[in-house]
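One structure below.
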Amino acid sequence: MNQFVEITEALRGTHAQVPALRSRVERVRASAISLENRAGSHGWAGVAASMHAAVEALERVGQELADFQQAAEAAVTQLELIDDQASVTQISTHLAAAERELDAAAPKL
């Protein structure tokens, strides 16, 4: 069971860093919006368009981090259900559920 605890703790640790990353992405996105608006007010259409593309990309990153956070929470929940009393079938079920959660989030990261 030590391996499950180790995996769960590693995932929990990674998951715990996501809110700080999301906050940083949101601050950078707000700065990009400000730069987009300033460029637009100066008539710099090319710069404004580039900043708009950056804003959209940062919005996608923020959503992908949110999706990963939800998947990690669900995977940790499944892994925490594994204990010494669980049958092989129960363990397999929980591992498969955790894997599905993480597989769904992985392509986005």
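If you go through the range 74-107 and keep only what is surrounded by 15 or more Cβ atoms within 10 Å (Cβ to Cβ) and under 30 Å from Ser31 (Cα atoms), you end up with just Ala105. Per the conditions (1) modelled with pLDDT of 95 or more; (2) crowded, with 17+ Cβ neighbours inside 10 Å, the sole criterion not satisfied by Gln69 is (1). For the range 1-55, a tally of residues being under 27 Å from Gln78 (Cβ atoms) and more than 21 Å from the chain's Cα centre (by Cα) returns 5. Filtering the range 19-35 for residues that are touching a residue at least 24 places away in the same chain (Cβ under 8 Å) and out of contact with any helix residue (DSSP H, G or I) (no Cβ under 7 Å at 6 or more places or on another chain) leaves a non-empty set. All conditions but one from (1) more than 21 Å from the chain's Cα centre (by Cα); (2) surrounded by fewer than 17 Cβ atoms within 10 Å (Cβ to Cβ) apply to Glu59; the one that does not is (1).
The values are calculated or read from the model by the stated rules, or taken from the named source; none is laboratory data. None of these values were measured; they are calculated from a predicted model. We place every Cβ from the backbone using ideal geometry, glycine too, and count neighbours over all the protein chains shown.
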